[in-house]
Structures are given as C-alpha cells and as structure tokens.
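Structure first, commentary second.
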Amino acid sequence: MRVALFVTCLADTLFPRVGQATTRLLERLGHEVVFPPAQTCCGQMHINTGYQRQALPLVQHFADVFEAAEAIVAPSGSCVGSVRHQHASLARRLGHPRLAERSAALAAKTFELCEFLVDVLGVTDVGAYFPHRVTYHPTCHSLRMLRVADKPLRLLRNVRGLELTPLPDAEQCCGFGGTFALKNSDTSTAMLADKMGHVLSTRAEVLTAGDASCLMHIGGGLTRLSAGTRTLHIAEILASTESGPGGAVPLAVTAEKQGRVAPSARNAGADREAGS
Amino acid sequence: MSKVFVGMPAHAPAGVGALHASESFPAAARTALADTQLRRNLGAATTTIRAKREAVVGELADWEQLRLAGQAIKAATMARLDEHLIRLEEEVTKRGGVVHWARDAAEANRIVTGLIQATGADEVIKVKSMVTQEIGLNEALAEAGIAAWETDLAELIVQLGHDKPSHILVPAIHRNRAEIREIFLREMPGVEASLADEPQELAMAARAHLRRKFLTAKVAVSGANFAIAETGTLVVVESEGNGRMCLTLPDTLITVMGIEKVIPSWTDLEVFLQLLPRSSTGERMNPYTSMWAGITEGDGPQEFHLVLLDNGRTAVLADEVGREALHCIRCSACLNVCPVYERTGGHAYGSVYPGPIGAVLTPLLTGVLENPSLPYASTLCGACFDACPVRIDIPSILVHLRARSTEQTRKPPSAEAIAMTLASWVMSSPRLFGWAGRAMRAGRLLARRGRIRRLPPPLSAWTAARDAPSPPRQTFRQWWRHRDGGTP
Amino acid sequence: MTARDEVLARIRYALSAPADPVDPPRDYRRTGEHAPGAPQLLQLLTERLTDYKATVHSATPQTLGSVLATALHGTHRVVVPPGLPEEWMPASAVVDDGDLSYADLDTVDAVLTACVAAAADTGTIVLDAAADQGRRAITLIPDRHVCVVRAAQVVQSVPELLTRADPRRPLTFISGPSATSDIELQRVEGVHGPRNLIVVILND
C-alpha cells in the first residue's frame, strides 16, 4: 500500500524520530511511504484555542496536500481526531460547504498509526523487539475521539522482549490539553503530578503513547524530576527490532544526541542497548 | 448582547443570582488546588461515585440505546419548546395549578416572593433545586424578610456553613465528615457535643433538626427534574424524603423550573428515570420520586404555583451548537469523571453550575464574554461526553464557545491572537513552515542535556513544572530530503 | 408584552434557526423477558429491595396474617388507609379518615398500605394514593412503612412500571428506605422519610 505520512507539525519540528520510526515501521511491513513535503499542520491548536478563522487556511491546505492520497497515516491520535472530527464541521460553520465535503472525504481515509496497523493492514505483530519494561498511556483523543481501544496494547503485547505493565488510572487525562497547559498551568500541573505518580508506581523504564504532545508533557515532567522513566512514542517501540536494515530506532539515544548520529550508527546504538 | 429587543432571546442578566464568576477560572483554581483537604475530599468522593456509576450502568445492556433515546427526546422537545410549554401550562391549569412566566432571575424572585407574602408566611422549606440557586432566590427572600430553610442534607450543610454549593448533586462534596460535624456543632441548635462524625449520626442530627419544620411549614419551594407536557405532571427525584415532605405537607407549593425541563409525554419519562439515577447517585433507582399534576383534593398542597423561567435559556436555544447544553438533566456524571473538576472543585467555576456542563452552560446563559475563562477550563479529554446520559457533546461546545469568545472580543487583539494569526500564516505556507522549523534550532542554545528548563513568558508557564524538549538538529522534513531513497 | 408572550416569542425567534429533530428511537428494552408476577421477578424484586436495605417477606393468603404481625412487631398504633383490605387490617389499626394531623401521624408507629405496582429491575414500588394506599402524608411521616405487593403487580422493567401508573394522580416511587449520599458520597439509609421499609410480597 502507498501510505501518505502526515508527520504532524510537532513531530516534524520537535520529534523527528517519531516520523522516522513510523516510516521505518511501515516500510518494514512492506508498504511504500511518501511524505508530501507541502504538509504543515492540521490546525488543531488554532481550533481548540478558539481561532477557527485562522485555522481555516490550514484545513484548506491539509485538503490540498492530501486529497490525492490513498491512505493518510499520522503518528498522533489527536491530529487525526482533528482531521476526522473537526475539519469538515469547521469548514461548514465558516461557510465553505465544498471544503467541508472534501474534508469529510479525507477524514474517511486518515488513520492514526495503531488503528491503521490493526484495522487497515490487519497486523497485530509487527515483528518488533524491545526488551524493556513498558507502560502505556492511552491518550484522550486516541481513546475517546478515535476509539482505538486496546489496539495499541495488542500491538505492544506482541513485541518480543517487552514487559508490559498496566498504568493505574490510565484513562485519566495527563493535563496537557494543548494551550490548556499554558492557560491553566496550575491545574495542568496538578493533573501531571498525578499522572507521573501513576507512571512511577509502575516502575516502568519507558512510558509510551500514541501522541508526541502528551508524551512531551509527561516526559517534560519526568525529566524535570530526574525520574527513572523516559518517554517513547509507540512508533519508536514498534519500529525497534533486534537489528535488520531500516529497522531499529535508537534505544539509548536521547533527542540531544540523535541529531548527530547517522541512521546506520543509530542501529548500532540500539543493539548495544538491547544487549546490555 | 448590548441591547435587547422585546421578543429577542436574552442572556441572563448580571447582578442577580449565581451565574457570574467574580474571578477567572485559572485564578480561582489556583486557590482551590492549594487546599489539600478539598483535594482529598473531592478525590475520595469522585472515585467512589465513579465506581458506583460504572457498576449500575454496566447492568443495563441497552444503556447506549437509552442514551440515544434521551438525546433524541431532548432534541425533539427543544425543536417545539413553545408548543410543549403551552400544553404544560394548559394541563397544569386544568388541574388547579397556577402557571407564572419569568423572563429572568429578578422577575422569578419577585413572583415567588409575592406568592409567599400572599400566604402570610415568613418562612419556607425548600427542596434542593439548582434553578433557585441560579436565580439567588434565598437572598431575595431574605431581603423580603422571609427565611428559606434548605432541607436537603448537602444544601443544609452548605447553608449552615455559610458556604456555596460546589457540585450539582452533592453541593457539600467539598466537605468531609469531620468538617460537617464541626458545622453542625457550631450552627445547629440543640446538637450535643458528643455528636460523632459518622455519616449515619450526622444524617440523624439533620432529621431531628428539620422534623418540626417539615410538620409545621405552610409553604414549600421546589425545583423540578421533569415536567410532562401532555399530563401536566411535575417530577422531583430525590433520596432523603425531604422532597416528599416539602411536596406533600405544606398548604402551598411553589415550583420554579427552567423552561428546558419540559418533556412531551409520560412515555418519555421511562427513558430518563433509567438514565438519571444511574448517572447521578449510581443507584438503579433513587429512593423517592414524587410526581403530581396540579392539586389533589385532600392530598398534599391545595395551592400550587409553577414558575417557568427563561433567564438566558432562550439565548442558549438560539445557539445552534450550544443549545444541546439545554438537554442537561443535572445528573452531575460529567463532574464526577472530569479530571479538572476533581482537582479544582466546583467553586473555581464561579457559578452554580460547575464542572464540564457548567463550563458550557454558564457562559451560554450569560454570554461568553461574561465568563470568558470557563470554556478554557477543560483539556477536551472527552470523559464528560462518554459519561453524559443524554450524550451532550460538551467538548465540541467548549471548542465552539472558545471561537465565540475570540470572535466577539472587541478589544485590540491580544498577544495570543496575534501569535495565532502569525502561526496560521506561517503554517499555511510550506516554505515558511520549513524555515520556521529550522529556525527553531536556535532553541538549542537554551538546552542543556537535551532539555530546556526555562523559557520566556508565556511559555514560562510550561517550564514552571516541565522541561521543554530541545529542538532537534534536523527537522523531519530535512531528514526526509537527505535520506537515501527518500521520495520527495 | 406579558412575560409569557415574551418568553414564547423569544423561543420562536431562537428556533427560527434550523433544527433537525429526529423521532426518538425506542429500541431500548421496554418489556422484560418475564411476565408480571413470574417467580424470577419476585426473586429479583426481593434482591433489589434488600440491596437497598429494605426488609422483604413473602406471604401467601394463608400466611399473610402472621407475616404482617411480624412486620408490625413492636408497634402500638398503626395507621392504615381507609380502603385497606379488611383481612389485612391489624388489631392496632388507626384508619386515616383524612383528619389525622401531621402531629398525630408523627406519633403512630407504622403505616400499612398496598401499592399500585412494582418493578423488579430497580426494586421500586409505586403508590398512587388510591384508597388502599391513602393520602401521601400517611406513608411519609410514620417511621415504618409496611407495604404489601401482590405478585401480579410486579413487572420487570421501568417502562412497564410506568404503564401501570396514572400520571394525573399523585405518585410516589419508592426504592428502599430514605437514604442519602451527601456525606462523602457514601450511602447511608434513613433520613427524613420512613427509616424502615418492609415489603411483603403476597403470592395470591
């Protein structure tokens, strides 16, 4: 299948490794990944902060860029949620019925990574290897906008070497909420504190989720505390293998180091970590 | 709405009642978050009720069908609200009741005060009612020299504690047993110091305190959960029996109800009597539900007044997205599942309607510019929609109100609005977006060991508690362009 | 313009924006799988009522007298509605002729009534103030309510229950004794309404 990757603005600019992992994973499964370079942002931040008019060009742009795609896949429940549940109604509200129709058509072929793997490709074992203790946070929009349900968990359970430990009160929001984290930073922090408490109680090495944004939030709290748990997007786990070309994502490499290492060197890093 | 014309939907006016917040949600939340007793009380109570609700909802295989039916009945009712209200008025009148209409809180308060004065009574007993809280009836009665006695246990706790309600169903949810004991000792005449802080004993103290009032009161004031248009039947759902006391024993009963509480038919009630108790107290059925149509000779009050209140509801109805908020049956399930409410409590919302439904209903009733911070008091996590027995899409209404708020603000554009416009411009252009992504690399100067510990305002709100990620050396699109075999 | 006309005008103005109401779907469960009075329903009603801290006895026409005596044990004055079946009438009965004051009712020990219907799913009994149940005050003020439910009055679901009640009459739906969850959302039984609810299911 020819898959158009919508990497999302956040992964593009701050977490490129999430896009890299998504690419490698889909390619490893035998699919062709294309990256329409004109893509930018789904406009969710604008919409959810009350700037629908400013979001309209982004909704329009998204439709222009992805209209021709066979299937659109994004490593984000939240952004896919916006495309699927907000774009068409926003276009309609602002008096663009033609765009609303186009957006509705796009919504039907835009998928979050895990639901794409399980529902469209019919895969629950992606052949990944990740020998770590992991806990999973079901992000709100994956859970309640997209209803991905246990699909990510089914994928994680089939990862060799991965020890999956349940997260207490998993379905409670982490407190990110986009600009909520800034506008209501005290409440956001209180929610984050509780989420981190639950994460730490699992004694997991890695907290994973399907949204880089929530992981940036929880991860930012965890590193502030020098906690013993780090965050990885689920694509990064699913892309990891024992070795193999185009396979692994670096297990031990931080965002800081990442830019400096070539993809081939990263595989070596992964192997070293896996063997330690 | 600066100028209101006769016959135009109007928002709830300020200056009366309990809909207008005196401080912004973030500011009020800050105070609440620091109250560890409150945090503990709310955490414990919402956890308890969530588990109970889940258990009894799980017993019904047709729960989703009931929710869909409830949603559809409410939508159908709103679409012909005028007709249903006229029918209700007819039926109530036919059975000996008197129907009054009130445009707003002040008018409703005037009507109720006048009705009580006409009976010669100087005190009334009250069943817990959100709408009389909303219009500030107790304060208006006090001004007229009429004492209003709240008889619901939680309302009594709030009233005796000179406090404000913080939850729709359990207004004293922010108080624990020890605090309630202390309030009773301080404020309830005749309570012994040996009073224990056991809920059972505290409930008995309330029974003893109110018993005489119930048996001697001449006038009662209630709200209504439902009013059935085709039969003129009023419905009050309760647990303690204080509702039965107020609805049965006094000579005069005055019921104040929002116009959105009408439902068309008796058959419709079968849906809501299943949805409401399971969603609110987590019971299969609440202990007592009282229903009456007009007056019945020899049984119950011989004088019945029904006050139909607008107070902003028609303005909500005029909002095509927001009108769904009028479907609310005040079960408070959305409060109990809301992660924001659980941490801040109800007072932070500054309105008698707190939590997710309050964050939409309050600004819809008052106009969003009167309560501009409420639509933002949510992470849009969606737990409220899943819990709502009538499927009110609260997250979508929140997003809608946020748009209303930014679009109606006439002040010079805020820094945020400028930033959003700028971002929209940049993000509409792949080239500018690519540049911007690369420019973010400058942020690496702030980073130590892959993270940024302090950012300038407004992003300092983020780094107050969280690290920010260091921008990568290469954006994804740069990587893609350079990668072997990468297709453009 | 009167307030009435103005509120109605506002509603009509608000509704001039399009609304697309649908006919409410009624595909939820409206009738139970058991016929009224089925043994399974009597069993379920008993469980549900007991779960909410009511006391439940079952009786046949032969045992009813002794079961009622047990239910009324320790009472001296029992108020009854004027239309209570003669054979249920306890020795200590005070028949309510509508003249008993609330203060009088506050001094009786119990009330004994029939009901109009009951629903097993929710453990709910319904009073409609008919002659065998009396005006609402008599089932409210006394601290013990003994209610006889005939097997044939027991339906399964809430929708079935509503078909048996007339919304033009004063109705009281009772599911267990008075209770509150107002303190820490913990349910405690017994506040203002009768603190003891004793239901006698009569298999006649």
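The values are calculated or read from the model by the stated rules, or taken from the named source; none is laboratory data. Source: prediction; values computed, not measured. Note that we place each Cβ from the backbone using ideal geometry, even for glycine, and neighbour counts take in every protein chain shown. These accessible areas exclude ligands, DNA and RNA; they are computed on the full protein's heavy atoms, side chains included. Shrake-Rupley method; radii C 1.70, N 1.55, O 1.52, S 1.80 Å.
Observations on the model:
- Residue that is at pLDDT below 95 and among the basic types (Lys, Arg), where the choices are B:ARG181, B:ARG110, B:ARG175, B:ARG95: B:ARG175
- Scanning the range B:42-81 for residues being facing another protein chain (nearest Cβ under 7 Å), more than 30 Å from C:ASP23 (Cα to Cα) and surrounded by fewer than 23 Cβ atoms within 10 Å (Cβ to Cβ) gives a total of 2.
- Residue check for B:ILE418: at negative phi and touching a residue at least 24 places away in the same chain (Cβ under 8 Å): no
- Answer residue from the range A:140-171, given it is in a helix (DSSP H, G or I) and more than 14 Å from chain B (Cβ to nearest Cβ) and is farthest from B:VAL399 (Cα to Cα) among those: A:ARG157
- Residue that is surrounded by the most Cβ atoms within 10 Å (Cβ to Cβ) [pool: residues in the range A:79-111 that are touching a residue at least 40 places away in the same chain (Cβ under 8 Å) and within 12 Å of another protein chain (Cβ to nearest Cβ)]: A:SER82
- Hey, B:THR379 crowded, with 24+ Cβ neighbours inside 10 Å and assigned to a helix (DSSP H, G or I) or not: no
- Taking the criterion of being surrounded by 15 or more Cβ atoms within 10 Å (Cβ to Cβ) and more than 7 Å from chain A (Cβ to nearest Cβ), the residues of the range B:448-483 that qualify are B:ILE452, B:ARG453, B:LEU455, B:THR463, B:GLN478.
- Qualifying residue in the range B:381-396 (condition: more than 7 Å from chain A (Cβ to nearest Cβ), of a type in the set (S, T, N, Q) and more than 30 Å from A:ALA170 (Cα to Cα)): no
- Test result for A:CYS114, away from chain B (no Cβ under 14 Å) and either open to solvent by 10 Å² or more (accessible area, probe 1.4 Å) or modelled with pLDDT of 95 or more (or both): yes
- Candidates are the residues of the range A:4-36 that are in a loop (DSSP other than H, G, I, E, B) and touching a helix residue (DSSP H, G or I) at 6+ places or on another chain (Cβ under 6 Å); the one that is surrounded by the fewest Cβ atoms within 10 Å (Cβ to Cβ) is A:PRO36.
- Residues satisfying the stated conditions in the range B:147-187, i.e. assigned to a loop (DSSP other than H, G, I, E, B) and open to solvent by 10 Å² or more (accessible area, probe 1.4 Å): B:ASP152, B:GLY161, B:HIS162, B:ASP163, B:LYS164, B:PRO165, B:LEU169, B:HIS174, B:ARG175, B:ASN176
- Check on B:ARG186, at the interface with chain C (Cβ under 10 Å from one of its Cβ atoms), more than 27 Å from the chain's Cα centre (by Cα), over 16 Å from B:LEU153 (Cβ atoms) and of a type in the set (Lys, Arg): no
- Matching entry among C:ASP99, C:ASP132, C:ASP109 (being more than 7 Å from chain B (Cβ to nearest Cβ) and without any contact (Cβ under 8 Å) to a residue 12 or more places away in the chain): C:ASP99
- Selected residue (criterion: farthest from A:VAL73 (Cα to Cα)) from residues of the range A:117-143 that are crowded, with 18+ Cβ neighbours inside 10 Å and among the polar types (S, T, N, Q): A:THR135
Here is a yes/no grid of residues against (1) in a helix (DSSP H, G or I); (2) in the same structural domain as A:ALA209 (by TED's automatic domain parsing):
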| site | (1), (2) |
| --- | --- |
| A:SER89 | yes, no |
| A:ARG98 | yes, no |
| A:ALA104 | yes, no |
| A:ASP125 | no, no |
| A:CYS174 | no, yes |
| A:GLY178 | no, yes |
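- Some residue of the range A:172-189 being within 14 Å of chain B (Cβ to nearest Cβ), within 17 Å of A:GLY210 (Cα to Cα) and open to solvent by 50 Å² or more (accessible area, probe 1.4 Å): no
- Residues in the range B:94-134 that are without any contact (Cβ under 8 Å) to a residue 60 or more places away in the chain and outside any loop (DSSP other than H, G, I, E, B) were compared, and the one that is farthest from B:GLY17 (Cα to Cα) is B:ALA118.
- With respect to being more than 10 Å from chain B (Cβ to nearest Cβ), at pLDDT 95 or above and outside any loop (DSSP other than H, G, I, E, B), C:ALA69 fits the description.
- Looking only at residues of the range B:261-279 that are among the hydrophobic types (A, V, I, L, M, F, W, C) and within 8 Å of another protein chain (Cβ to nearest Cβ), we find that the one that is surrounded by the fewest Cβ atoms within 10 Å (Cβ to Cβ) is B:TRP266.
- Exactly one residue out of B:ALA220, B:ALA206, B:ALA178, B:ALA229 is of a type in the set (Gly, Ala, Ser) and under 20 Å from B:GLY70 (Cα atoms), and it is B:ALA229.
- If you filter the range B:135-146 down to residues that are in a loop (DSSP other than H, G, I, E, B) and in contact (Cβ under 8 Å) with a residue 40 or more places away in the chain, you find that the one that is nearest to the other protein chains (Cβ to nearest Cβ) is B:ILE135.
- Taking the criterion of being open to solvent by less than 30 Å² (accessible area, probe 1.4 Å) and touching an Asp or Glu at 6+ places or on another chain (Cβ under 6 Å), the only residue of the range C:82-98 that qualifies is C:LEU84.
- Candidate set: the range B:324-347, residues that are surrounded by 24 or more Cβ atoms within 10 Å (Cβ to Cβ) and under 16 Å from B:ARG30 (Cβ atoms); chosen: the one farthest from the other protein chains (Cβ to nearest Cβ): B:GLY346
- In the set (1) open to solvent by 30 Å² or more (accessible area, probe 1.4 Å); (2) under 16 Å from A:LEU232 (Cα atoms), A:THR165 fails one condition alone, (1).
- From B:GLY258, B:GLY243, B:GLY223, B:GLY282, residue being out of contact with any Gly (no Cβ under 7 Å at 6 or more places or on another chain), more than 7 Å from every other protein chain (Cβ to nearest Cβ) and more than 22 Å from B:GLU91 (Cβ to Cβ): B:GLY282
- Scanning the range B:349-376 for residues that are assigned to a helix (DSSP H, G or I), among the small types (Gly, Ala, Ser) and away from chain A (no Cβ under 12 Å) gives B:GLY355, B:GLY358.
- Flag for B:ILE86 being without any contact (Cβ under 8 Å) to a residue 24 or more places away in the chain and out of contact with any His (no Cβ under 9 Å at 6 or more places or on another chain): yes
- Strands (runs of 3 or more DSSP E) within the range C:99-148 that include 3 or more residues surrounded by fewer than 23 Cβ atoms within 10 Å (Cβ to Cβ): none
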